[in-house]
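Q: Sharing a structure below in structure tokens format, with a few things to ask.
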Amino acid sequence: MKVVSLFSGCGGLDLGFKRAGFNVLWANEYDSTIVETYSINHPNTFLETSDIRTINESMIPDCDGIIGGPPCQAWSEGGKCLGLNDERGKVFLDYIRIVSCKRPKFFLIENVKGLLSEKHIRTFYSFLSILERAGYIVDYSVLNAADFKIPQDRVRVFVVGIRKDINRKFLFPKATTESFITLRKAIGDITEQPKVYLDDFVNQNYTNWLNHDVYTGPYDEKYMSRNRVRSWNEISFTIQALAKNAPIHPQAPKMVYISPNKRVFVSGKEFLYRRLSIRECARIQSFPDKFRFIYSDIKNGYKMVGNAVPPRLAYVLANAILNSCFI
């Protein structure tokens, strides 16, 4: 099946769909700091780099499916929650516009759980109503990546629409009954020390692990307000897009409680506390080790990894679409 990818980022969602046998023939990503990474890892996909708001539907090839995750900042409970009052929130309507005009057999949308908050739920339901009127049976579910053999707590909303004339109902995949993938299993074999960067230019010559670079910026008060360490036998915290918010490597002991809004590093063991490297974050996101992230500013590396849909979860969802609707 032919797929179009919108708000593609570095292509985590695309990678999972390709693994499931889909042909991602066209993609759109406007952020210039991501374009080279997408292009080098998806050489057979045409990448359109225009602002989606300027893209006419005639520019997009006919396809069987449309996938993508519109920007989440306008809906995130960790942000200002401006919704459609934020330009980044309004582009959700461009995704809907393109689906309504191209009328593929299916679509998939990924976004943050904040879309279902009291502040945004009416807007979210209005999106679903537009898509239903466009001719789709629409379902949504909240999934935690950890339930699908991905070593992190990562809760996201997924919306799937199947065109009504296909007359099939999509069934979301069920959580695995297998044990969670621990940090030891996910990144325990990466024993080489990472290269460290603050604001300096990143040298991307690697001897072993690609992108084994770590951000060394200061830890702010908000970061130190709670424990940021998960042990080797646990799963990771959510891999986020901001370098300063990356979790601490499990080699360090858990942070010491001082007060409800303050934690500190264990005295005498401060040298053990470092953020996870970009490669370690990519592993936790389920990217293959050969997937190369291109950046000169280390913060852009963390951004690409943290904003991506875990490819393994994308693969599970792609197979669910195939099995419940087209086989």
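Q: Where does each of 276-285, 187-196, 142-151 land if you order them by average Cβ count within 10 Å, highest first?
A: 276-285, 142-151, 187-196
Q: Report, largest value first, the span of the C-alpha coordinates of segment 130-285 along each principal axis, in whole Å.
A: Projected onto its principal axes, the Cα set of segment 130-285 covers 64, 43, 32 Å.
Q: Okay, moving on. Taking the radius of gyration and the Kirkwood hydrodynamic radius from Cα positions alone, what is the Rg/Rh ratio for segment 97-211, to two decimal places?
A: Details: Rg = 20.2 Å, Rh = 17.8 Å.
Ratio of gyration radius to Kirkwood radius for segment 97-211: 1.13.
Q: List the residues, sorted by chain then number, that are 5 or more residues from Leu25 or on another chain and whose placed amide H is less than 5 Å from its amide H.
A: Correct list: Val3.
Q: May I pose another question? With θ taken as phi - 60° and the coefficients 6.51, -1.76 and 1.60, list the Karplus ³J(HN,Hα) couplings across segment 12-21 in order, rounded to whole Hz; mark glycine and proline as x.
A: Result, rounded to whole Hz: x, 5, 4, 4, x, 5, 4, 4, 7, x.
Q: What percent antiparallel are the DSSP beta bridges of the chain, to the nearest 5?
A: Around 50 percent antiparallel, to the nearest 5.
Q: Using the heavy atoms of the protein chains alone and a 1.4 angstrom probe, what is the accessible area of the chain per residue in square angstrom?
A: Accessible surface, normalised per residue, equals 45 Å².
Q: Moving to a separate point now. Mind checking which of Asn211, Asn203, Asn28 has the largest fluctuation in a GNM of the chain, springs on alpha carbons under 10 Å?
A: Taking springs between Cα atoms under 10 Å, the residue moving most is Asn203.
Q: For segment 168-234 and segment 20-48, what is the separation of their C-alpha centers, rounded to whole Å?
A: 24
Q: Can you run phi through the Karplus equation (6.51, -1.76, 1.60; θ = phi - 60°) for segment 275-283 and list ³J(HN,Hα) in whole Hz, with x for Gly and Pro?
A: The phi angles translate into 5, 4, 6, 4, 5, 5, 5, 5, 4 Hz.
Q: OK, next. Whenever you get a sec, compute what percent of the accessible area on segment 121-185 sits on carbon and sulfur atoms (1.4 Å probe).
A: 50
Q: Separation of segment 251-302 and segment 308-327 by C-alpha centroid, Å?
A: Rounded to whole Å, the Cα centres lie 29 Å apart.
Q: Then there is this: Helix 32-41 versus the longest principal axis of the chain: what is the Cα-based angle in degrees, 0 to 90, to the nearest 10?
A: 80
Q: Let me ask you something else. In a Debye calculation with equal point scatterers on the alpha-carbon sites of the chain and no solvent, what is log10 I(q)/I(0) at q = 0.06, 0.12 Å⁻¹?
A: Those come out to -0.21, -0.84, one per q.
Q: What is the angle, in °, between the Cα long axis of helix 121-133 and the longest principal axis of the Cα atoms in the chain? Nearest 10 is fine, range 0 to 90.
A: 40
Q: Using only Cα atoms, what is the ratio of the radius of gyration of segment 236-276 to 2.2 N^0.38 Å?
A: Working: Rg = 10.9 Å, N = 41, 2.2 N^0.38 = 9.0 Å.
Dividing the Cα radius of gyration by 2.2 N^0.38 Å gives 1.21.
Q: Here's something else I'd like to know. How big is the C-alpha Rg of segment 196-327 next to the rule-of-thumb value 2.2 N^0.38 Å, as a ratio?
A: Dividing the Cα radius of gyration by 2.2 N^0.38 Å gives 1.20.
Q: Just order 157-169, 313-325 by mean Cβ neighbour count inside 10 Å, highest at the front, would you?
A: 313-325, 157-169
Q: Starting from the Cα coordinates of segment 158-199, work out the convex hull volume and express it per residue in Å³. Kindly include the intermediate steps, with their values, before the conclusion.
A: Details: hull volume 7.8 nm³, N = 42.
Per-residue hull volume (Cα only) is 186 Å³.
The values are calculated or read from the model by the stated rules, or taken from the named source; none is laboratory data. Nothing here was measured: the structure is a model prediction, and the numbers come from that model. Positions of Cβ are backbone-derived with ideal geometry, glycine not excepted, and every protein chain shown enters the neighbour counts. For the accessible areas, the whole protein counts, side chains as well, though only heavy atoms, and no ligand, DNA or RNA atoms are used. Shrake-Rupley method; radii C 1.70, N 1.55, O 1.52, S 1.80 Å.
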